[in-house]
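See structure below.
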Amino acid sequence: MGRGKIEIKKIENQPNRQVTYSKRRSGIMKKARELTVLCDAEVSIIMFSSTGKFSDYCSPSTNTKSIFDRYQQVSGINLWSAQYERMQNNLNRLKEINRKLRREIRQRMGEDLDGMDIKELRGLEQNLDEALKVVRNRKYHVITTQTETYKKKVKNSQEAHRNLLHQLEMKDEHGGVYMYVDDDGVPAHPMYSYKVQPNQPNLQAIRSYASHHDLRLA
């Protein structure tokens, strides 16, 4: 028995529709290749599935654009005129936007003002004032941020300095270490260091010497 005739209508079942499309697409591509080889024909096929998947075939001796050009010559239908017109309109629109932006930039630089009336000049002045406010606010924000950062660094340095002095005081209580310090109270690299015990009689003599030679207890 021969295979029954299949009614040609849309397959409602999605999986079955996709399977059928895949099989029929492969068959069409095979027939196109056979026509190209057997009959020396120029064939071009473009297909889109219901899901938007693209498939195409073109004879090796030509390309799809050449096929379309020959189709336009034979049929007298211009396939590109509508697309060219849309592209030309879009290009003109972009050129006009670019021209306006360039003119606005020149006006913000104080140029090309001759053709502006009083209303346009007031609007430009207002726009410049608003832009100036934004720039100033940003500048003050950056200055404030940097100032706060420097204050934190100074505070951390001062805290580290106090901790260092405290450590030196603790050493003095346990070991009697004396060293030179500068005018700001920062310990300098000592040229001489003395270690004495608090109960030794020469402690008062060293303190007297330190008071005359800027030798401070760290």
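Name every residue in segment 26-44 that is over 51 Å from the mean Cα position of the chain (by Cα) and not in a helix (DSSP H, G or I), in order of residue number.
Hits for segment 26-44 are Asp40, Ala41.
Only one of Leu121, Leu113, Leu94 is in contact with a helix residue (DSSP H, G or I) (Cβ under 7 Å, 6 or more places away or on another chain) and farther than 30 Å from Arg33 by Cα. Can you tell me which?
Exactly one of Leu121, Leu113, Leu94 is in contact with a helix residue (DSSP H, G or I) (Cβ under 7 Å, 6 or more places away or on another chain) and farther than 30 Å from Arg33 by Cα, namely Leu113.
Rundown of residues vs (1) closer than 23 Å to Ile46 by Cα; (2) surrounded by 10 or more Cβ atoms within 10 Å (Cβ to Cβ); (3) outside the structural domain of Val37 (by TED's automatic domain parsing), yes/no style:
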| residue | (1), (2), (3) |
| --- | --- |
| Lys65 | yes, yes, no |
| Ile105 | no, yes, yes |
| Met109 | no, no, yes |
| Glu120 | no, yes, yes |
| Arg136 | no, yes, yes |
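Regarding segment 8-22, can at least one residue be identified that is surrounded by 10 or more Cβ atoms within 10 Å (Cβ to Cβ), closer than 18 Å to Phe54 by Cβ, assigned by TED's automatic domain parsing to the domain that holds Gly52 and among the hydrophobic types (A, V, I, L, M, F, W, C)?
no
Here are some conditions: (1) within 42 Å of the chain's Cα centre (by Cα); (2) outside any strand (DSSP E or B); (3) not hydroxyl-bearing (Ser, Thr, Tyr). Met47 meets all but one. Which one does it not meet?
It fails just one condition, (2).
If you scan segment 50-62, which residues turn out to be hydroxyl-bearing (Ser, Thr, Tyr) and either exposed (fewer than 12 other Cβ atoms within 10 Å of the Cβ) or within 43 Å of the chain's Cα centre (by Cα) (or both)?
Once the filter is applied, which keeps residues that are hydroxyl-bearing (Ser, Thr, Tyr) and either exposed (fewer than 12 other Cβ atoms within 10 Å of the Cβ) or within 43 Å of the chain's Cα centre (by Cα) (or both), segment 50-62 yields Ser50, Thr51, Ser55, Tyr57, Ser61.
Quick one: is Asn199 surrounded by 10 or more Cβ atoms within 10 Å (Cβ to Cβ) and either modelled with pLDDT of 75 or more or among the polar types (S, T, N, Q) (or both)?
For Asn199, the condition - surrounded by 10 or more Cβ atoms within 10 Å (Cβ to Cβ) and either modelled with pLDDT of 75 or more or among the polar types (S, T, N, Q) (or both) - is not met.
Do we have Arg136 as within 28 Å of the chain's Cα centre (by Cα) and either within 30 Å of Ile67 (Cβ to Cβ) or among the charged types (D, E, K, R) (or both) here?
yes
The values are calculated or read from the model by the stated rules, or taken from the named source; none is laboratory data. What you see is a predicted model; the values in this text were computed from it and never measured. Ideal geometry is used to build each Cβ from the backbone, glycine not excepted, and the neighbour counts take in all protein chains shown.
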